[in-house]
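The values are calculated or read from the model by the stated rules, or taken from the named source; none is laboratory data. It should be emphasised that the depicted structure is a prediction, and the values quoted were computed from it without experimental measurement. Don't worry about glycine lacking a Cβ; one is built from the backbone with ideal geometry, like all the others, and counts go over all protein chains shown. The area values use the complete protein model at the heavy-atom level, side chains included, leaving out ligands, DNA and RNA. Shrake-Rupley method; radii C 1.70, N 1.55, O 1.52, S 1.80 Å.
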Amino acid sequence: MKLKELPYLLGLQPGPKTYAHKLQKFDLPSDGIIEYAQWLHPHEPKKEITQQSVNDLRKFLSPGDVAIDIGAHTGDSTVPIALAVGKTGCVFAWSPIATSFPY
């Protein structure tokens, strides 16, 4: 048994840790400069979103569409989906993991 598992054995469950964020940006050839909030979890890598991934989503998503991203975690797929549906579209993103975003 690991030491960090001891509280669970005793019936104590620590609450989820919260982490700050900072604004990051990337520049896509067609969509321009995109800003997003980067979660500062120690194991969260910087997002790498390419113009090709957004263009691939635009093959079946159009401006004004509504999309649902279930299991969004920290938005690796949500950001390109949002770019594909544009300002007139909407993306509902949900993650069941409480450490991603406290409920």
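Mind checking which aspartates and glutamates have their C-alpha under 18 Å from Lys46, skipping anything on the same chain fewer than 8 residues away?
Asp27, Glu35, Asp76
Starting from the Cα of Lys59, draw a straight line to each of the lysines and keep only those under 21 Å, dropping any in the same chain fewer than 8 residues away.
Hits, sequence-local ones excluded: Lys87.
Say R0 is 41 Å: what FRET efficiency, to the nearest 0.05, do Cys90 and Lys4 get from their beta-carbon distance? Don't skip to the answer; put the middle values down first.
Values: r = 40 Å, r/R0 = 0.97.
It comes to 0.55.
Leaving out ligands and nucleic acids, note down the accessible area per residue over the stretch 16-61 with a 1.4 angstrom probe, in whole Å². Intermediate values should be presented prior to the final figure.
On the way: 3350 Å² over 46 residues.
It amounts to 73 Å² per residue over the stretch 16-61.
Counting only other residues whose beta carbon sits under 15 Å from that of Pro45, what net charge do I get with K and R as +1, D and E as -1? Could the numbers behind the result be given before it?
Numbers: positive: Lys22, Lys46, Lys47; negative: Glu44, Glu48, Asp76.
Neighbourhood net charge equals 0.
Based on Cα coordinates alone, diagonalise the gyration tensor for the chain, multiply each eigenvalue by 5, take square roots, and list the semi-axes in whole Å, largest first. Walk me through the intermediate numbers first.
On the way: eigenvalues 226, 48, 23 Å².
After diagonalising the Cα gyration tensor, the semi-axes are 34, 16, 11 Å.
Among all the lysines, which ones have a C-alpha under 16 Å from Lys4's C-alpha, if same-chain residues fewer than 8 places away are not counted?
Leaving aside lysines fewer than 8 places away in the same chain, those within reach of Lys4 are Lys17.
For the stretch 1-88, run through the trypsin sites (Lys or Arg not before Pro) and keep only the ones in DSSP coil with at most 13 other Cβ atoms within 10 Å of their Cβ.
Numbers: sites: Lys2, Lys4, Lys17, Lys22, Lys25, Lys46, Lys47, Arg58, Lys59, Lys87; in loops: Lys2, Lys17, Lys46, Lys47, Arg58, Lys59, Lys87.
Sparse-neighbourhood loop trypsin sites (Lys or Arg not before Pro): Lys2, Lys17, Lys46, Lys59, Lys87.
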